[in-house]
1. Quick one: among G146, G184, G18, which has the greatest mean-square fluctuation in a GNM of the chain with alpha-carbon springs under 10 angstrom?
2. Within the accessible area of the chain, what % is carbon and sulfur when the probe is 1.4 Å and the other protein chains stay in place?
3. Compute from the Cα atoms of segment 120-199 the Rg and the Dmax, the latter being the longest Cα-Cα distance, and quote both in angstrom.
4. Protein chains only, probe 1.4 Å: how do E128, E122, E61 rank by accessible area, largest first?
5. Rg and Dmax of segment 22-109, using alpha carbons, in Å: what are they?
6. Sorting D150, D185 by accessible area (1.4 Å probe), largest first, what list results?
7. With charges set only on the Cβ (+1 for Lys and Arg, -1 for Asp and Glu), what does the dipole of segment 73-157 come to about its Cα centre, in debye to the nearest 20?
8. How big is the accessible area of V41 in square angstrom, nearest 10, if you roll a 1.4 angstrom probe over the protein chains?
Amino acid sequence: GLPTGYDVADSATAMAIGPRGNVLVGTDGGIAARDGDQWHVIDRTVGLPAAAIRTLFVDREGSIWIGATGLFQLRGRDLLEHYSASTGLPGGVAWSFRRDPRGQLWLGINRCLARAVAARWECLPGSEDRTVRSMAFPPQGGVFLGGAPDDLLYIGRDGRTTSLRSADRTGDQRILALALGPEGDLWVGTRGGLFWLRG
């Protein structure tokens with residue numbers, strides 16, 4: 001009974017644990033929520049105007065952030081907020097969410113890495129004109145970005161950008177996911193395989 005998810009096949013974070021501990025899955029038709037032994041779909045029929053869900057994130061307050069064509073925030077009592085280019089979101093498609101070590105929520109979109117600053121969305125300098133599919137915040141500060149173009153980009157605390165590309169990576173190596181291991185190593189998931197950057 002789970003709806004299809006073809007459009008989200010390359011989405012690394014289209015699944016989350018909901019505020020009540022149930023499984024949420026982004027699909028072509030909306031959010032599928034597991035309730036007991038059945039799937040229930042949160043879709044257009046209950047007010048969610050998005051179709052293909054690319055990423056899900058549940059924050060500390062229990063709000064569900066939904067990345068699709070635009071950004072949606074599903075709060076308690078079914079209150080739905082929508083952010084798009086017309087409301088100041090710098091891009092049209094939301095791909096990923098992550099909190100940095102200080103707790104700031106970041107959004108990877110089809111134009112940059114963005115965050116809310118003083119009630120408006122702002123791109124991180126150096127990340128403009130990039131599709132940010134995933135990000136990782138290393139202990140030394142700064143941020144690694146992956147997406148398109150397909151190089152691994154590091155933006156340091158000082159704002160300096162460094163593009164990293166491995167000679168081993170050939171063909172379509174678009175970065176889909178980034179994760180830091182317990183030893184501080186960076187793991188890079190691409191369409192063509194998994195890569196490892198020590199330290």
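1. G184
2. Carbon and sulfur atoms account for 51 percent of the accessible area of the chain.
3. Spelled out, the Cα radius of gyration and Dmax of segment 120-199 are 12.3, 40 Å.
4. The residues order as E61, E128, E122, largest area first.
5. When restricted to Cα atoms, segment 22-109 yields Rg and Dmax of 12.9, 40 Å.
6. In descending accessible area the options line up as D150, D185.
7. 300
8. Accessible surface of V41 is approximately 50 Å².
The values are calculated or read from the model by the stated rules, or taken from the named source; none is laboratory data. The shown structure was predicted, so the numbers you read here are calculated from the model rather than taken from an experiment. Quick reminder, even Gly has a Cβ in these numbers, built from the backbone with ideal geometry, and neighbours come from all protein chains shown. Note: areas computed on protein heavy atoms with side chains; ligands, DNA, RNA excluded. Shrake-Rupley method; radii C 1.70, N 1.55, O 1.52, S 1.80 Å.
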